[in-house]
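Working notes, structure below.
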Amino acid sequence: MQNKYDVIILGGGLAGLTLSIQLKRTNPGITILVLERRESDASTAAHKVGESTVELGSHYLREVLDLKEYLEEFELPKHGLRFFFPSETKDEISSRVELGPRERLPTPSHQLDRGTLENFLAKKTQELGTHFLLGSTVKNVDILPEGHVVTYHKDGQPVTLNCRWVADATGRGSFMKRKLDFHKPMEHHVNAVWWRLKGVIDVDDWSENTEWRSYLKPGLRLLSTVHFMDKGYWLWVIPLGSKNTSIGIVADPAVHPFDTFNKYEKALEWLKTNEPRGYKMLEPQTENLLDFKILKHYAHHTGRLYCAEERWGVTGEAGAFLDPLYSPGTDFIAMNNSWLSDLIIRDLRGEEISGRADVYEQSHLRLVDNWIPVYQNKYLLMGKTQIMVVKIFWDWATYWSVPTLLFTNRAFTNLALLKELFSSAKSLGRKFGELNKSMQNLFLDWAPYDTEIFSERYIDPYDLQYMRDFQIDLDTKYEPAELLEKVASNMKILEQVAAAIFRLVSAHVKGTPVNLQVDPYKICLNAGSPVMEPVIEDAENIDASISREVDKMWFYTKKEFA
Ligand SMILES: Cc1cc2nc3c(=O)[nH]c(=O)nc-3n(C[C@H](O)[C@H](O)[C@H](O)COP(=O)(O)OP(=O)(O)OC[C@H]3O[C@@H](n4cnc5c(N)ncnc54)[C@H](O)[C@@H]3O)c2cc1C
């Protein structure tokens, strides 16, 4: 122990521990103290949520932090996200439309047992020279120009230390947000409960239908993050490396009031009504119950993230958290830590960082704001299979083709690239946000018209060439100029995809010509909107190959060209 550190990290959960490793890997000489309230090692299985990772977060853990070996030996490989939509009888899983990968995916991801992982990360960062203290609850931070004063309690006694930088990773404790009062309202309200069961649960065993089982090689469904969806909710089933299973219900209170599932017995009753097959498979396992946790209104925003002048930053859930659908929690930690560690390292090198900190903070806040429409009011669509299939494919395509590609190419800390991407109203980053917003609005406008219940279909996102290309490309390393060109060409594909989706929806809902001219930034299903003028587009402007790929996600009978 020493009296003064370069950085004191408040909270040793996923965000705090990974930040310490990232800092140490970039500058081994940096002195770091992590203060963690928990008294002892984390328990396996029943520790925290945040078990399923997707491409960006996995890249961070595997490549940026170099944890590949650990992940492959002690955690489970993940077989993508998998969705089951409502059929007439949800009692028979094989009758439900299933969306997910059939074959092994090119880009790896993992299912994490958070207790095992956090214990490993604590050991790893100490090996790198970080001081890590359990049983240490932070009580006060005085932000001072000459060095901050951090006070924590250990064994009931106050201890005071100094540091140059403070990083708040206290999760929902949000220490700095409370202290400096930078709360910001969040208009997305959803609730969650989850529990862990001892033992392995394989949804392959939920049906006797051998044909359905044979769609995938044995063991692959088991490794997916499985979502069962219907109006207002999704239910997750996630396998853990400790040979236990995580189950969770996430639901919009407008459809499923929280008090209908916020206790274990009520959650089982809720399953009986909403997910009868799940109930039959999970209820008998009550004797294996390891824990049961609840979280009301989990989404929250933040007004600040990085302050260069006062040398503090916020990471992980201490900042903003939107929604667990698509498992983006670790992604946000990855981006957050990459920005914060870059600022700290540069400041310790004596660089002037205020301009950079402003760009990072604005980029981060814009990213969160652009992501909100992905979730806001969308739980109401979860019983509508056609919309959700198109939406999930759209959300993945946008996620891979721009933010994840930028992250795997280290673009988030390249100031020139960030300025190029976001500075002007016509910049690619801004257009990306607009395009996504117009598509998310389309999904809402389309809702009253998507009324058919589909069943017995299997749809694989990797059957669509552009989706496959986006995923495979995440491993390609681009020089900055090439990366900008790549993002620009990905944006062109997304525009084509958006236009093709709109043509299908509008033809189906409003009877417009299937070769309607479409400005993807102005799409709107309301009559009289400019894009609804039935201008027959020059056939050359419609990318037929993309339209053919988009057709693969269309379940209704498609109208043919006039
Ligand atoms: C329902 C739900 C499901 C989710 N599923 C996923 C998923 O599948 N995949 C995914 O990537 N993400 C998921 N997330 C998000 C994920 O849980 C978070 O991103 C992640 O746990 C945040 O990590 P953190 O380190 O910021 O916070 P935490 O893990 O909460 O760590 C904060 C740490 O700070 C400590 N602490 C708090 N106050 C103090 C103090 N005063 N002094 C000292 N220590 C303190 C705490 O003890 C704790 O260890 C989910 C979130 C929810 C709500």
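The values are calculated or read from the model by the stated rules, or taken from the named source; none is laboratory data. Every value quoted in this text rests on a predicted model; they were computed, and no experiment measured them. We place every Cβ from the backbone using ideal geometry, glycine too, and count neighbours over all the protein chains shown.
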| query | For the stretch 126-167, which strands (runs of 3 or more DSSP E) that fit wholly inside it have 2 or more residues that are touching a His at 6+ places or on another chain (Cβ under 7 Å) and either of a type outside the set (D, E, K, R) or within 10 Å of the ligand (Cβ to nearest atom) (or both)? | reply | 136-142
| task | Could you please find all residues in the stretch 327-348 being more than 9 Å from the ligand (Cβ to nearest atom) and touching a residue at least 60 places away in the same chain (Cβ under 8 Å)? | result | ALA334, MET335, ASN337, SER338, TRP339, LEU340, SER341, ASP342, ILE344, ILE345, ASP347, LEU348
| message | When you scan the stretch 178-186, do you find a residue that is within 16 Å of the ligand (Cβ to nearest atom), under 30 Å from GLY115 (Cα atoms) and either touching a Lys or Arg at 6+ places or on another chain (Cβ under 9 Å) or of a type in the set (A, V, I, L, M, F, W, C) (or both), even just one? | response | yes
| Does ARG311 satisfy being closer than 20 Å to GLY11 by Cβ, of a type in the set (Lys, Arg) and surrounded by 19 or more Cβ atoms within 10 Å (Cβ to Cβ)? | yes
| query | Considering ALA562, ALA539, which residue is of a type in the set (Gly, Ala, Ser), modelled with pLDDT under 90 and outside the structural domain of PRO448 (by TED's automatic domain parsing)? | reply | ALA562
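Matching residues to (1) modelled with pLDDT of 95 or more; (2) within 19 Å of the chain's Cα centre (by Cα):
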{"residue": "GLU351", "(1), (2)": "yes, no"}
{"residue": "GLY355", "(1), (2)": "yes, no"}
{"residue": "LEU367", "(1), (2)": "no, yes"}
{"residue": "PRO373", "(1), (2)": "yes, yes"}
{"residue": "GLN376", "(1), (2)": "yes, yes"}
{"residue": "TYR379", "(1), (2)": "yes, yes"}
{"residue": "MET382", "(1), (2)": "yes, yes"}
{"residue": "VAL389", "(1), (2)": "yes, yes"}
{"residue": "ALA397", "(1), (2)": "yes, yes"}
| Test for ALA425: is it assigned by TED's automatic domain parsing to the domain that holds ASP450 and either within 13 Å of the ligand (Cβ to nearest atom) or assigned to a loop (DSSP other than H, G, I, E, B) (or both) | yes
| field | Residue, surrounded by the fewest Cβ atoms within 10 Å (Cβ to Cβ), within the stretch 187-202, restricted to residues that are away from the ligand (no atom under 11 Å from the Cβ) and under 23 Å from the mean Cα position of the chain (by Cα) | value | GLU187
| Count - residues of the stretch 122-140 that are within 15 Å of CYS163 (Cβ to Cβ) and of a type in the set (S, T, N, Q) | 3
| request: Given the conditions (1) in contact (Cβ under 8 Å) with a residue 12 or more places away in the chain; (2) over 30 Å from THR89 (Cβ atoms), report the number of the one that ASP450 does not fulfil. | output: (2)
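Condition check ((1) within 22 Å of LYS378 (Cβ to Cβ); (2) at pLDDT 95 or above; (3) not assigned by TED's automatic domain parsing to the domain that holds ARG172) across all residues:
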site	(1), (2), (3)
TRP270	yes, yes, yes
LEU282	no, yes, yes
THR286	no, yes, yes
ASP291	no, yes, yes
CYS307	no, yes, no
| So GLU118 fits all but one of (1) part of a strand (DSSP E or B); (2) assigned by TED's automatic domain parsing to the domain that holds SER43; what number is the exception? | (1)
| message | Consider the stretch 263-303. How many of its residues are of a type in the set (Val, Ile, Thr), in contact (Cβ under 8 Å) with a residue 24 or more places away in the chain and in a helix (DSSP H, G or I)? | response | 0
| said: Can you pull out every residue in the stretch 262-281 that is crowded, with 22+ Cβ neighbours inside 10 Å and away from the ligand (no atom under 16 Å from the Cβ)? | reply: LEU271, ASN274, GLU275, GLY278
| task | Take the residues in the stretch 297-324 that are more than 9 Å from the ligand (Cβ to nearest atom) and closer than 23 Å to LEU112 by Cα, then tell me which one is nearest to the chain's Cα centre (by Cα). | result | LEU322
| note | Flagged pairs (Cβ under 7 angstrom, 6 or more apart or on separate chains; first in the stretch 234-262, at positive phi; second surrounded by fewer than 22 Cβ atoms within 10 Å (Cβ to Cβ)) are LYS243/GLY199; LYS243/VAL200
| query | Among the listed residues LEU35, LEU23, which satisfies the condition of being among the aliphatic types (A, V, I, L, M) and touching a Gly at 6+ places or on another chain (Cβ under 9 Å)? | reply | LEU35
| query | For the stretch 427-454, which residues satisfy the criterion of being over 21 Å from ALA397 (Cα atoms) and modelled with pLDDT under 95? | reply | none
